[in-house]
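One structure is given here, and the rest of the page talks about it.
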Amino acid sequence: MKLLARFFEGPPTRILVEDPEAGDIFPFTVRVFRAQFPSQVFPGEIELGEQAWQALLAEERQLLLLSAQRYLGSTERSPLALQRWMERRLLPASWSQALEAELRDQSFLSEERFAALWMRRHEERGGRPLWLLRRQLQALGVRRAVAESVAFDEVAALRRYVKVRFPRLKEERLLHARLRRRGFSTSLIRAALAPDQP
């Protein structure tokens, strides 16, 4: 089969190989490609058999999987972060979908885990209402059902926030107004500011 190869100066640097018949473009790391075609000039045509082409694709996919595992293994990341990581590598849609599915199967990518950790951080900080946090989670690629299922103690989070952010503000009317401007509901503010029951 005949393929067209051209050099892409990233970042990251890639060699793009186009299959003119199928109309697909595949990104390769320079090391993998140079091992197979050490004297290739760009842009240029390459010719190789189907078996050699499949072996080249398999090696590149394996390197991609290892690289994605390192990326996701360093810290918990959102589905959107992985999507952007794959877009920077110019992956075709079929590769992206297969890679994401494999990473989910191997538990490197978990919406539930990411959402729980993200919500826990924001619960400790306070300062944002639950409806806004859920919307932000969805913007990070977390499904709505997952975002809405994460446990979150709004009252406790708001109490902590008020103690840290407004320790000297004693006038309740002014405090109410400031919290309302941040998106908190009146009922939640009342519950958070109510004295603890003995």
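The values are calculated or read from the model by the stated rules, or taken from the named source; none is laboratory data. Fair warning: this is a prediction, and the values are worked out from it, not measured in the lab. Here the Cβ positions follow ideal geometry from the backbone for every residue, glycine too, while neighbour counts run over all protein chains shown.
Key figures for this structure:
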{"read-out": "ARG70 without any contact (Cβ under 8 Å) to a residue 24 or more places away in the chain, basic (Lys, Arg) and closer than 27 Å to PRO11 by Cα", "value": "yes"}
{"read-out": "Filter pass, ARG128 being farther than 30 Å from LEU16 by Cβ, of a type outside the set (Asp, Glu), surrounded by fewer than 17 Cβ atoms within 10 Å (Cβ to Cβ) and in contact (Cβ under 8 Å) with a residue 24 or more places away in the chain", "value": "no"}
{"read-out": "Check on LEU117, out of contact with any His (no Cβ under 7 Å at 6 or more places or on another chain) and assigned by TED's automatic domain parsing to the domain that holds GLY23", "value": "no"}
{"read-out": "PRO92 being in contact with a Lys or Arg (Cβ under 8 Å, 6 or more places away or on another chain) and not charged (D, E, K, R)", "value": "no"}
{"read-out": "Criterion violated by ARG143 - all others in (1) surrounded by 13 or more Cβ atoms within 10 Å (Cβ to Cβ); (2) closer than 27 Å to LEU82 by Cα; (3) touching a residue at least 40 places away in the same chain (Cβ under 8 Å) satisfied", "value": "(3)"}
{"read-out": "Residues located in segment 88-97, provided they are out of contact with any helix residue (DSSP H, G or I) (no Cβ under 8 Å at 6 or more places or on another chain) and either surrounded by 15 or more Cβ atoms within 10 Å (Cβ to Cβ) or assigned to a helix (DSSP H, G or I) (or both)", "value": "ARG88, LEU90, ALA93, SER94, GLN97"}
{"read-out": "ARG6 vs. criteria loosely packed, with under 14 Cβ neighbours inside 10 Å and closer than 25 Å to LEU117 by Cα", "value": "no"}
{"read-out": "Some residue of segment 35-51 being surrounded by 12 or more Cβ atoms within 10 Å (Cβ to Cβ), under 16 Å from PRO92 (Cβ atoms) and not hydroxyl-bearing (Ser, Thr, Tyr)", "value": "no"}
